[in-house]
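Written out below as structure tokens is the structure these notes cover.
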Amino acid sequence: MSETAENVKSTKAEVRPRYSGILAHPVSFRSPYGIGDLGQGAYDFIDFLDRSGQSLWQCLPLGPTGFGDSPYQAFSAFACQPLIISPDLLLKDGFITEADLQGHPDFDPDHVEYGPVIQWKNALLAAAYRRYLAAPDKDVAAEIRAFHEKNADWLDDYCLFMTLKGLSGGVSWHDWKKEWQNPTKAEKAKLMETYAEETGYYVFVQYLFRRQWLALRTYANDRGIRIVGDIPIFVSPDSADVWANKSLFCLDDEGYPTVVAGVPPDYFSATGQLWGNPLYNWNAHKKAGYAWWVRRVSCQLELVDYLRIDHFRGLESYWAVPYGAESAIGGKWVKGPLPIFAEDLGIITPQVEKLRDACGFPGMKILQFAFNSTDENSYLPYMYNNENCICYTGTHDNDTTVGWYQGLSDKARDKVRRYVNSDGGNIHWDMIRLALGSTARYAIFPMQDLLGLGSECRMNTPASAQGNWAWRFPEGCLNDGLADYLKKTCEVFGRDRARMAPADVTEVAEDKSEDKK
């Protein structure tokens, strides 16, 4: 073999695999029950990823949502979303009967209407629990006990919190009767005993979720597909986490935040974003060895293969706004606790970049941000300084690519067209190809972009409290033609999973686990 051939062989061996995937939340899957779930629609999506040569599925946070239905404002940082438990799988596994499914509401197939869904789904899960209590299966009972014992450190607080919230008419824990707002350990134990059947229901529901989710994850992993999870850096003020761990947050004597989270004026809002989440008492976390955070991350990594930390920059410094402020403008930057896919978006400083790079976390590159003006910026693909990043066409907070493009100025649209060498008639595919062809090791695009959908199909509009988190897959969208076209497009840019040895996929998963330590 010639020296030139040897050099070529060596160069090829050093090329690391390149991956691509789709961003889609389970609530968006097809299902006859008003909201996407972990049943056939989820398996159809995994099959589509498999046929189209994708390696990654990214979803949004999986927690139980509260007011506003946002997955970024959950009742728990550890518990999971009951609304996406599959009724069909409950039937298959004997937890409910055909009669329980008969006469379900005529739900909108294309849009989640959370009110009716919550009412019907909760009633169905309650029926499943009554059926279980009436004739408990020994194997299931043993699995529930094992699940409870393993997770009692967070599960007991969550189940008691949800029970007391239900008994209080669903109001925030700040408005419960005084003896329930700040119970001692002994008082909690007494309440757990008094309301054993009620708290047992929430244990049962969390078990059902994990039973279905872990089966789906195994199905995906067996096909070489890894799941990218997501955790918000902050937690909801009305959550089991704050109620049960008040010393870990900046609260006054009544349990209300003294300062809350947000971001200063940015791309999404001229007055900033006022999230309202209580900020962490990082001194208390440090004294505890950051045990709550370690447990939170480890719990999530039992469910997913990669983990994105939403608003990662808050670990270096965070925007603190006085409680009661009408906007985020009056906040200030406060140093975080530190001197995973990381959401390094917004106002990013060299310190944030240093922290991200020191941990080995890939940052995020959003193509829409590259063309919002005609100025040079770090989101342009030729400006990427290393491959350890994820190139997105957009995220759940962005408009769809089609809607974004239509809203650009004439000058910005002209720059996009010249950059992608296209007339913009299929701008969603132009941007997908741009992501796939970038040097980024990972390329991810929302399902809406793959389908070329407009602004009416966006998942979330930041700073808007209504109409979010409701988009669902159109009927028949996971077709073979689309899968074949996506697969062939990925092949052009070396991201087709079919060309990777199984060991390559495993290696990446292990590499990412090491990065998180």
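Read-outs: derived from the displayed coordinates by stated rules, not from any lab. Everything numeric here is computed off the predicted structure, so don't read it as measured data. Backbone-built Cβ (ideal geometry, glycine too); neighbour counts: all protein chains shown.
From the phi of every residue in the range 79-94, what ³J(HN,Hα) in whole Hz does the Karplus formula 6.51 cos²θ - 1.76 cosθ + 1.60 yield, where θ is phi - 60° and glycine or proline is x?
6, 10, 7, x, 5, 9, 5, 7, x, 5, 6, 4, 5, 4, 8, x
With each label point set 7 Å from Cα along the Cα-Cβ vector, what nm distance links Cys477 and Arg223?
That separation, rounded to one decimal, is 1.7 nm.
Expected output is a single nm value to one decimal: the length gained when fully extending between Arg130 and Ser298, i.e. 0.36 nm times separation in residues minus the C-alpha distance. What is it? All intermediate terms of the calculation are to be shown ahead of the outcome.
Working: separation 168, 0.36 × 168 = 60.48 nm, distance 3.19 nm.
Extra length from Arg130 to Ser298 when fully extended: 57.3 nm.
Take the Cα of Ile118, step 7 Å along the line toward its Cβ, and report every residue of the range 164-198 whose backbone nitrogen sits under 18 Å from that point.
Residues passing the 18 Å test: 164-176.
What are the ³J(HN,Hα) values, in whole Hz, obtained from phi via the Karplus relation 6.51 cos²θ - 1.76 cosθ + 1.60 with θ = phi - 60°, for each residue of the range 156-170 in sequence order, with x given for Gly and Pro?
4, 5, 5, 5, 5, 4, 5, 5, 5, 4, x, 5, 9, x, x
Given the pairs Lys246/Lys286; Lys246/Lys335; Lys178/Lys246; Lys121/Lys188, which span a C-alpha to C-alpha distance of over 18 angstrom in this model? List each step's numbers first, then the result.
Working: Lys246/Lys286 15 Å; Lys246/Lys335 21 Å; Lys178/Lys246 15 Å; Lys121/Lys188 28 Å.
Listed pairs above 18 Å: Lys246/Lys335; Lys121/Lys188.
Starting at 0 and stepping by 20 Å, how many percent of the alpha carbon pairs of the chain end up in each bin?
P(r) for the chain, in whole percents per bin: 21, 56, 22, 2, 0.
Under a crude label model (7 Å from the Cα following the beta-carbon direction), how far is Asn283 from Met383 in nanometres?
Spacing of the two 7 Å Cα→Cβ label points: 4.0 nm.
What does the charge count near Ser168 come to, summing +1 for each Lys or Arg and -1 for each Asp or Glu among other residues with Cβ under 10 Å from its Cβ? Could you put the intermediate results ahead of the total?
Numbers: positive: Lys165, Lys177; negative: Asp175.
Combined, the nearby Lys, Arg, Asp and Glu give +1.
Please list, in chain and number order, the residues 5+ apart from Asp37 or on another chain whose amide H is under 5 Å from its amide H, with Hs placed from the backbone.
Correct list: Phe29, Ala42.
Which order do peptides 240-252, 87-99, 393-405 fall in by mean Cβ count within 10 Å, highest first?
On the way: 240-252: 19.6, 87-99: 16.2, 393-405: 23.1.
Peptide ranking by packing, descending: 393-405, 240-252, 87-99.
Can you give me the relative contact order of the range 240-306 as a percent, contacts being Cα pairs under 8 Å and 6 or more apart? Write out the running numbers ahead of the final one.
Numbers: 64 pairs, mean separation 17.3, N = 67.
RCO, the range 240-306: 26 percent.
Subtract the Cα-Cα distance of Thr184 and Tyr256 from 0.36 nm times their separation in residues, and report this length gain in nm to one decimal.
Details: separation 72, 0.36 × 72 = 25.92 nm, distance 1.86 nm.
Gain on extension, Thr184 to Tyr256, equals 24.1 nm.
Pull out a ≥ b ≥ c, the square roots of the eigenvalues of the alpha-carbon gyration tensor of the range 162-312, then state rounded if a/c is under 1.5, prolate if not and a/b is larger than b/c, and oblate in the remaining case.
On the way: a/c = 1.83, a/b = 1.10, b/c = 1.67.
Oblate, because a/c is 1.5 or more while a/b does not exceed b/c.
Along the range 213-221, what does the Karplus equation 6.51 cos²θ - 1.76 cosθ + 1.60 (θ = phi - 60°) give for ³J(HN,Hα), rounded to whole Hz, x for Gly and Pro?
Going residue by residue, I get 5, 5, 5, 5, 4, 4, 4, 5, 4 Hz, with x marking Gly and Pro.
About the Cα centre of the chain, how large is the charge dipole given +1 on each Lys and Arg Cβ and -1 on each Asp and Glu Cβ? Please answer in debye to the nearest 20.
Numbers: 53 positive and 68 negative charges, 187 e Å.
Here the size comes out at about 900 debye.
Using just the Cα positions, wrap the range 149-217 in a convex hull and report its mean projected area in square nanometres, one decimal place.
Working: hull surface 21.2 nm².
With every direction weighted equally, the projected area is 5.3 nm².
With n ≥ 4 as the cut-off for DSSP H runs, can you work out [θ] at 222 nm for the chain, using -39500 (n - 2.57) per run divided by the number of residues, rounded to the nearest 500?
Details: 20 runs with 222 residues, N = 517.
Computed mean residue ellipticity for the chain: -13000 deg cm²/dmol.
Near the amide H of Gly276, under 5 Å away, which other amide H atoms are found, from residues 5 or more places off or on another chain, if H is placed in the peptide plane?
Residues meeting the criterion, in which the H sits 1.01 Å from N, are Ala261.
Per residue and in cubic angstrom, what volume does the convex hull of the Cα atoms of the range 371-443 have?
88 Å³
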